[in-house]
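In what follows, a single structure is set out as structure tokens and then discussed.
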Amino acid sequence: MGGSNLDKSAILRLLYSALTHTASAAKRRIVRFRQKSDYERFLHEWSMIDKSLTEASDAIRHLPFIQGFSLRVPGELLRTHAHDGIWIENDPLISVHHSTSTYKPVTREKGIPWGVQEIKAPIAWSMTTGHRIKIGVIDTGVDFSHPDLKQSLGRGINLLNRGTLPHDDNGHGTHIAGTIAAANQVHGMIGVAPRSTVYPVKAFDHNGSAFVSDIVLGIDWCVRNHMDIVNMSFGMKTRSKSLLTAVTNAYNAGVIIVASSGNDGKRKSIDYPARYPQTIAVGATNRLRRIAPFSNRGMYIDVYAPGDKIISAWLRGKYNEMSGTSMATSHVSGAIALLLAMRPGLSPSDIKAVVKRSMLPLRGTKAPRTTGELDVMRMLQAGER
């Protein structure tokens, strides 16, 4: 390709508009450069400004993983300087996946929750407990003081407040972490892979909302810190080139991404990023081994797992019952950790093939062969082949 498409003044206009526009005046967008030279030039100009203005780093988020930036771009700039040299797309809000209808606190959860039992994880524990497998949970953080999680957590990162621990101010992330890796045999609950390690990546605020750019930063952190698995219990309806690029980069780096399909009860579509082929898309089942009414379903789903009335860890050392494809996703992440601890060489495509080969046909489905429910013992056997 020839020389740079963007002159310096265009780059500076973008930068200064991001710094001068308040939240109300302009939408947050992700800007990516078609040419590396333009990206590097923007990076250079930004670093010069960043040194002189402390608020610059708040206004402009650098997304090196996808060679881009998230910043506020006003509509008039979009119209007047629509350059060939850049891709601009919205940086929308994305939310965690849970159906709040069955949100109810539980006093105590002892032993093995029904979902962990259902997928036959306890039978596998004599062979594998997920030891040394690292799972990045991009979510609302985690309750670091929860007695059932203390042994199971790495430090992780707080993308919303750098330098502080990714403490959970919502509950969703703690619930996910509990299903994956809780380990308190005497007094508390046990998760699917009790000796795996969860690294909480706090990208979501107390409302369970995050920008796509936060997710991109979270995926970047997981790849750089050598996570084996990334749990993504969130989704959105619209596609995002930036999110796809980040997911593809992670997949190519050998990271397994498990994503929840969404809770709209739809038959023909599921949320992104679960809909991308580079992820393992999870739907939810209930105790009857049927697809839960809230779960999305259909051809995009790779596997179903328990997601209805799941009890797991909660804030302030408590427990909570929740339903959603989020809850199903954490069972799948834990199961993959059990398999990877036994077969560390398996690639993301190998893992997906094993998961699909080893599913148990569901009850009440017309075409039982196409998709089924997670079964850890069948997975471990299929992984041996």
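Computed from the coordinates by the stated procedures, all read-outs in this text should not be read as laboratory data. Please read all numbers here as calculations on a predicted model, not as lab measurements. Methodologically, a virtual Cβ is constructed for each residue, glycine included, from the backbone with ideal geometry; neighbour enumeration extends over all protein chains shown.
Binning the alpha carbon pair distances of the chain at 10 angstrom intervals from zero yields the distribution 5, 25, 31, 21, 12, 5, 0, expressed in whole percent.
Among the helices of the chain, those built from whole DSSP H runs whose Cα atoms reach 20 Å or more along their own axis and whose mean Kyte-Doolittle hydropathy is at least -0.5 are 325-342. In this structure, residue 289 and residue 356 have a Cβ-Cβ separation that, at R0 = 25 Å, corresponds to a calculated FRET efficiency of about 0.90.
Spacing of the modelled spin labels on residue 117 and residue 226, each 7 Å from Cα toward Cβ, amounts to 3.8 nm.
Under the criterion of Cα pairs below 8 Å and six or more residues apart, the relative contact order for the chain equals 18 percent.
As a proxy for reagent exposure, ranking 139, 375 by other Cβ atoms within 10 Å from fewest up yields 375, 139.
Shape analysis of segment 146-255 yields a ratio of the Cα radius of gyration to the Kirkwood radius, Rg/Rh, of 0.97.
Calculated translational diffusion coefficient of segment 278-385 (25 °C, 0.890 mPa s; Stokes-Einstein with Kirkwood radius over alpha-carbon pairs) equals 172 µm²/s. Gain on full extension, evaluated as 0.36 nm per residue between residue 363 and residue 253 minus their Cα-Cα distance, stands at 35.9 nm. Amide H contacts of residue 199 (H built 1.01 Å from N, in plane; Pro and chain starts excluded): 135, 136, 137, 154 sit under 5 Å, all sequence-distant by 5 or more or on other chains.
For segment 176-238, the set of trypsin sites (Lys or Arg not before Pro) satisfying both a DSSP loop assignment and a count of at most 16 other C-beta atoms within 10 Å is given as 237. Averaging the Cα positions of each part gives two centres, and for segment 320-381 and segment 115-191 these lie 18 Å apart. The calculated FRET efficiency for the pair residue 209 and residue 34, based on their C-beta separation and a Förster distance of 41 Å, comes to about 0.85. One decimal place: the segment residue 316-residue 187 gains 44.9 nm when fully extended, by the rule 0.36 nm per residue minus the C-alpha distance.
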